[in-house]
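Peer 1: To start, I am sharing the structure in question, which I have written as structure tokens.
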Amino acid sequence: MILEAVDIHKSVFMGDREIRILSGISLAVSAGDSIAITGPSGSGKTTLLGILAGLDLPGSGIVRLLGQPFSEMDENARALMRNGKVGFVFQSFHLLANLTALENVSLALEVVPGSRDIRQRSQHALSMVGLADRAEHLPSQLSGGEQQRVALARAMVINPAVLFADEPTGNLDHGTSEMVIEMLFSLCRETGATLVLVSHDTRLADRCDSRFRIEAGKFVSGS
Ligand SMILES: Nc1ncnc2c1ncn2[C@@H]1O[C@H](COP(=O)(O)OP(=O)(O)OP(=O)(O)O)[C@@H](O)[C@H]1O
Ligand SMILES: [Mg+2]
């Protein structure tokens, strides 16, 4: 198992009121597999993905990544593992506005100790998503689909063990979505990356090896 979550609970407190977001989520993903997490708005998908990716911590339960107790590591160790092993694609791209496409991608390598050939590898990642000729563009000088392809290049440039994608086509039109999805699946296939995807789009979920449906913080079905 490359990624494992055991009995994840997460609450937030608003004043003295506890809001339960996740209530006992467990899952295990084999290396190279793709899984889709679906469910209604507010059911906890983004919260779960953040916890699995080590961006956030569970209230209780444990996340293991590559056999290591990811969610129990201290902040520094977790950041080191996340920067080296985890790619993340957000619905809203999350590119840094004052950096070019190439610089946005390079940054992902710069935070990995011992990275070499940063410029060449970043340029290669951009060409893998068909954007070799957009390297010097700022995000504002790119279309939505192009920005998401830069975000995909940034996620993949480190050769992640797991790629997380939260509604990666939620802000794109139909045709552009198709292109981004094709790239996402083909890059994961080529590099052997495990894919954990959140999507409302059933066609997209159907392309994954397995699907989990979350409602009110619990899995109600999974295959
Ligand atoms: N920091 C927070 N403080 C308070 N409530 C929060 C916080 N983060 C999330 N929530 C609540 O937790 C629930 C789950 O949120 P989450 O973003 O995980 O849902 P989601 O399934 O990704 O929804 P969507 O499909 O709309 O993106 C929501 O009801 C949300 O209001
Ligand atoms: Mg969400």
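The values are calculated or read from the model by the stated rules, or taken from the named source; none is laboratory data. The shown structure was predicted, so the numbers you read here are calculated from the model rather than taken from an experiment. Cβ atoms come from the backbone with ideal geometry, glycine included; neighbour counts cover every protein chain shown.
Peer 1: Can you pull out the residues in the stretch 35-48 that are surrounded by fewer than 20 Cβ atoms within 10 Å (Cβ to Cβ) and either in a loop (DSSP other than H, G, I, E, B) or in contact with a Cys (Cβ under 8 Å, 6 or more places away or on another chain) (or both)?
Peer 2: PRO40, SER41, GLY42
Peer 1: Further question on the same structure: For the stretch 100-120: of the residues being of a type outside the set (A, V, I, L, M) and outside any loop (DSSP other than H, G, I, E, B), which is surrounded by the fewest Cβ atoms within 10 Å (Cβ to Cβ)?
Peer 2: It comes out as GLN120.
Peer 1: What pairs can you find where one residue is in the stretch 31-46 and away from ligand 2 (no atom under 14 Å from the Cβ), the other is aliphatic (A, V, I, L, M) and in a loop (DSSP other than H, G, I, E, B), and their Cβ atoms are less than 6 Å apart, with a gap of 6+ or different chains?
Peer 2: Qualifying pairs under 6 Å: ALA31/ILE2.
Peer 1: Still on this structure, I have one more. Among the residues of the stretch 29-38, is there at least one that is in contact with a Ser or Thr (Cβ under 9 Å, 6 or more places away or on another chain), within 16 Å of ligand 1 (Cβ to nearest atom) and among the hydroxyl-bearing types (Ser, Thr, Tyr)?
Peer 2: Yes, because at least one residue in the stretch 29-38 is in contact with a Ser or Thr (Cβ under 9 Å, 6 or more places away or on another chain), within 16 Å of ligand 1 (Cβ to nearest atom) and among the hydroxyl-bearing types (Ser, Thr, Tyr).
Peer 1: Related question: Going by the structure shown, is SER92 surrounded by fewer than 14 Cβ atoms within 10 Å (Cβ to Cβ) and under 19 Å from the mean Cα position of the chain (by Cα)?
Peer 2: Judged against the criteria, SER92 is a match.
Peer 1: In the list GLY24, GLY32, which residue meets the criterion of being on the phi > 0 side of the Ramachandran plot and in a strand (DSSP E or B)?
Peer 2: Going through GLY24, GLY32 in turn, the sole match is GLY24.
Peer 1: Out of ILE62, ILE51, report the one residue that is in contact (Cβ under 8 Å) with a residue 40 or more places away in the chain and within 16 Å of ligand 2 (Cβ to nearest atom).
Peer 2: Only one candidate passes the filter, namely ILE51.
Peer 1: Sticking with this structure for a sec: If we scan the stretch 173-185, do we find a residue that is over 20 Å from ALA101 (Cβ atoms) and at pLDDT 95 or above?
Peer 2: Yes, there is a match, as at least one residue in the stretch 173-185 is over 20 Å from ALA101 (Cβ atoms) and at pLDDT 95 or above.
Peer 1: Next up: Considering each of LEU197, LEU204 in turn, give the residue that is in contact (Cβ under 8 Å) with a residue 24 or more places away in the chain, under 21 Å from LEU66 (Cα atoms) and either within 16 Å of ligand 2 (Cβ to nearest atom) or surrounded by 14 or more Cβ atoms within 10 Å (Cβ to Cβ) (or both).
Peer 2: LEU197
Peer 1: Within the stretch 39-66, can you find the residues that are near ligand 1 (Cβ under 10 Å from one of its atoms) and not charged (D, E, K, R)?
Peer 2: GLY39, PRO40, SER41, GLY42, SER43, GLY44, THR46, THR47, LEU48, LEU49, GLY50, ILE51, listed by residue number.
Peer 1: Report every pair of residues separated by at least 6 positions or lying on different chains whose Cβ atoms are under 7 Å apart, first residue within the stretch 151-170 and closer than 21 Å to ALA132 by Cα and more than 16 Å from ligand 2 (Cβ to nearest atom), second assigned to a helix (DSSP H, G or I) and polar (S, T, N, Q).
Peer 2: From the stretch 151-170, the pairs are ARG154/ASN104; MET156/THR191; VAL157/SER122; ASN159/THR191.
Peer 1: Any residue at all in the stretch 14-29 that's within 16 Å of ligand 2 (Cβ to nearest atom), under 22 Å from THR194 (Cα atoms), hydrophobic (A, V, I, L, M, F, W, C) and in contact (Cβ under 8 Å) with a residue 12 or more places away in the chain?
Peer 2: So far as the stretch 14-29 goes, yes, one or more of its residues are within 16 Å of ligand 2 (Cβ to nearest atom), under 22 Å from THR194 (Cα atoms), hydrophobic (A, V, I, L, M, F, W, C) and in contact (Cβ under 8 Å) with a residue 12 or more places away in the chain.
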